[in-house]
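Here's the structure we're looking at; comments come further down.
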Amino acid sequence: MKTASNPTPAALPDGIPSGKEYYERSLTVALLRARESTMRRFKKYSDASDLSPPQWRVLRALADGVPLDAGTLCQRCVILPPSLTRILRALAEKGIIRQVDCSDARRHMVTLTEHGQTMFGQLVGQSEDSRREIEEAFGEEKMSLLLDLLNELREITEALPPNA
């Protein structure tokens, strides 16, 4: 009889490894682990500026000075619309972004303020050593290949038919 401390392993289809091997070779787990490990090296910079990681992503998306609408920001920053609404409100209250007039009243366009641009420059400057350290340890060529492969994986998975 199996006990709570020694449960029966889940039955898996043929060819799929079980237990630790299944978990360690999981694409989703590997992506999450890499993200968390990498983000730990950068979070201190956004924390020091009282920005959450999603707020920092919005700041980065707006850094080239081109006003963007909420839909574009959701897509670029991988943020759901309700969360983006709260993020935009918080960034506006901090004086980091401002709304921009748009001929289409249904679109909410925003851009960085001068304060936001300054903050972005400071954060990029502070975090550059961490980015460079990771790239040097991993290898410039491998980093470039990894980014290309991750973008290709995203494009492929987005083109797949939706799950049933």
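Could you work out the equivalent-ellipsoid semi-axes for the range 36-108, taking the square root of 5 times each eigenvalue of the Cα gyration tensor, largest first, in whole Å? Kindly include the intermediate steps, with their values, before the conclusion.
Numbers: eigenvalues 107, 33, 23 Å².
Output for the range 36-108: semi-axes of 23, 13, 11 Å.
Stokes-Einstein at 37 °C, 0.692 mPa s, Kirkwood radius from Cα pairs: D for the range 89-164 in µm² s⁻¹?
201 µm²/s
Amide H of Val100 versus every other amide H placed in the peptide plane: which residues, excluding those fewer than 5 positions away on the same chain, fall under 5 Å?
Met109, Val110, Thr111
Separation between the Met39 and Thr157 pseudo-spin-labels, each 7 Å from Cα along Cα→Cβ, expressed in nm?
Output for this residue pair reads 1.5 nm.
Between Asn151, Ile134, Thr38, whose Cα lies farthest towards the positive end of the dipole of the chain when Lys and Arg beta carbons carry +1 and Asp and Glu beta carbons carry -1, centred on the Cα centre?
Positive-most Cα among the choices belongs to Thr38.
Leaving ligands, DNA and RNA out of it, report the carbon-plus-sulfur percent of the accessible area of the range 91-164 at a 1.4 Å probe.
Numbers: 2950 of 5670 Å².
Exposed carbon and sulfur together represent 52 percent of the surface.
Let me test this: with uniform point scatterers at the alpha carbons of the range 82-133, what is the Debye-based log₁₀ I(q)/I(0) at q = 0.18, 0.22 1/Å?
-0.69, -0.85
Bins of 10 Å, beginning at zero and ending with the bin holding the largest distance: percent of Cα pairs per bin for the chain, please.
Per 10 Å bin, starting at 0, the Cα pair percentages come out as 8, 26, 29, 20, 11, 5, 1, 0.
The values are calculated or read from the model by the stated rules, or taken from the named source; none is laboratory data. As the structure is a prediction and not an experimental result, all values here were calculated from the model. Cβ sites come from the backbone with ideal geometry, for glycine too, and all protein chains shown count toward neighbours. We work out accessible area using only protein heavy atoms, side chains counted, and drop any ligands, DNA or RNA first. Shrake-Rupley method; radii C 1.70, N 1.55, O 1.52, S 1.80 Å.
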